[in-house]
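A short reminder: the numbers here are calculations on the coordinates, not readings from a lab. Keep in mind it's a predicted model, so treat the numbers as computed, not measured. Because the Cβ atoms are built from the backbone with ideal geometry, glycine has one as well, and the counts that use them run over all protein chains shown.
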Amino acid sequence: MFMGRLVERPNDVMIYGRAIAKRYEEGTDDATEDDVRMRYWRRKFPHYIRMHSPEFMGGTLAQGVSLNELLDSLGVEAFESTRRNWEAGRGNTDPRRSIGPQPAVLLSAQGSAWVNAQLEERFRNHGKLTPADLADVR
């Protein structure tokens, strides 16, 4: 999975890392009532995603991978759903409309390869955060 953050000016999602997600486990990966009280939005999105082998770019968000650039580069082939709809000749084929208010969107094989190549370039240019860097995040 890729991690990104919404940014303004321009409105975009900047991708700054990736990790391998673990399979969902009921109970273990669910927000508790205390979690929901602390963050009201967890009522709508109550599931956590556990991951391993994280890699985060050592630069700033401005140096991350732009989701807008992905969509401009690959268009309908960026996401699996728009690619499938285009092949079927029906349904939404606009990748910008596919994002919407959802917590995740499945990239196509081409989209995933494009983002991975861009991230590798960022890692070469800006380095990666070390485990010690990640342990120091509060």
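Here are the numbers for this structure:
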read-out: Residue among Ala78, Ala31, Ala19, Ala88 that is more than 20 Å from Asn116 (Cβ to Cβ), among the aliphatic types (A, V, I, L, M) and surrounded by 14 or more Cβ atoms within 10 Å (Cβ to Cβ); value: Ala31
read-out: Among residues of region 1-16, those that are buried (at least 18 other Cβ atoms within 10 Å of the Cβ), charged (D, E, K, R) and within 23 Å of Arg50 (Cβ to Cβ), counted; value: 0
read-out: Region 108-119, subset in contact (Cβ under 8 Å) with a residue 40 or more places away in the chain and hydrophobic (A, V, I, L, M, F, W, C), residue surrounded by the fewest Cβ atoms within 10 Å (Cβ to Cβ); value: Trp114
read-out: Long-range neighbours under 8 Å by Cβ, at least six apart or interchain, first residue closer than 28 Å to Gly64 by Cβ within region 14-36, second assigned to a loop (DSSP other than H, G, I, E, B) and aromatic (Phe, Trp, Tyr); value: Asp29/Tyr48; Ala31/Tyr48
read-out: From Ser73, Ser98, residue being of a type outside the set (A, V, I, L, M, F, W, C) and either touching a Phe, Trp or Tyr at 6+ places or on another chain (Cβ under 6 Å) or within 30 Å of Glu25 (Cβ to Cβ) (or both); value: Ser98
read-out: Spans of helices (runs of 4 or more DSSP H) in region 75-138 with at least 3 residues among the charged types (D, E, K, R); value: 80-88, 109-126
